[in-house]
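The values are calculated or read from the model by the stated rules, or taken from the named source; none is laboratory data. None of the values given here were measured: they were computed from a predicted structure. Here Cβ is always computed from backbone atoms with ideal geometry, including for glycine, and neighbour counts include all displayed protein chains.
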Amino acid sequence: MLDVAIGFLKDELITYLLTRTGSDTVKVIMSAVVDEAGRYAFPVDSICCTIITIEEERVLKNHLHDYTTVSGQHVVLEPELKLNLDVLFAANFTHYDEALKYISYVLTFFQSHSVFASDQYPALAPGIGKLTAELLSLNYEQLNQLWAFIGARHLPSVVYKVRMVTLQDAAQTAVHPPLTTIRTTIQSQ
């Protein structure tokens, strides 16, 4: 589901860039920032989007099992795992001013599209439901640590926290016959 969520954001950003620039020459690619040799893993004149951290959403964590009915059977599933992703968008361009221009497009895209709900965006998988994107403002130390962690020289970039990617294992914890009758007993005193 992580690939589906990031792929959706990438595709929406590509559509936005196409409408703003009228050109499809700039690519948005889901990729690691660097390869094993320490070189950029995505081509020049493109934007890379990559997950840099995954964290569990603990505030909205559900500890109770989910229940559903499948083929007349009462199915018990483990609770959904709700995740927040820190997603880096980095621009690798020959000319620095082009990199800044396209990072500006990324910023305006998320400024005008901060919430993605599956009822408004049919391309968003129904299992995801809703994504929100929030700009993360990194200070110099955090920015230095991020690029050192990635193992690359700094590129014009921006980081967004994408909230509420939901994962749920389809494996059933238990299957019970459905409740069809309710018996009550009245106790006399």
| field | Any hit, region 120-133, residues being at pLDDT 95 or above and assigned to a strand (DSSP E or B) | value | yes
| said: Taking the conditions exactly as written (closer than 26 Å to Thr108 by Cβ and either surrounded by 14 or more Cβ atoms within 10 Å (Cβ to Cβ) or modelled with pLDDT of 95 or more (or both)), does Leu9 satisfy them or not? | reply: yes
| task | Would you check which residues across region 138-189 are loosely packed, with under 11 Cβ neighbours inside 10 Å, outside any helix (DSSP H, G or I) and modelled with pLDDT of 70 or more and list them? | result | Asn139, Arg153, Thr181, Ile182, Arg183, Thr184, Thr185, Ile186, Gln187
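If we keep just the residues of region 21-53 that are touching a residue at least 12 places away in the same chain (Cβ under 8 Å) and more than 23 Å from the chain's Cα centre (by Cα), which is surrounded by the most Cβ atoms within 10 Å (Cβ to Cβ)? Step through it out loud before you land on a result.
Let us first name the residues in region 21-53 that are touching a residue at least 12 places away in the same chain (Cβ under 8 Å), namely 21, 25-34, 38, 40, 42-53.
Among the residues that remain, those that are also more than 23 Å from the chain's Cα centre (by Cα) are: 21, 25, 38, 44-45.
Values: Thr21: 13, Thr25: 8, Gly38: 10, Val44: 9, Asp45: 16.
In this case the residue turns out to be Asp45.
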| request: Would you be able to say whether some residue in region 127-148 is β-branched (Val, Ile, Thr) and out of contact with any strand residue (DSSP E or B) (no Cβ under 8 Å at 6 or more places or on another chain)? | output: no
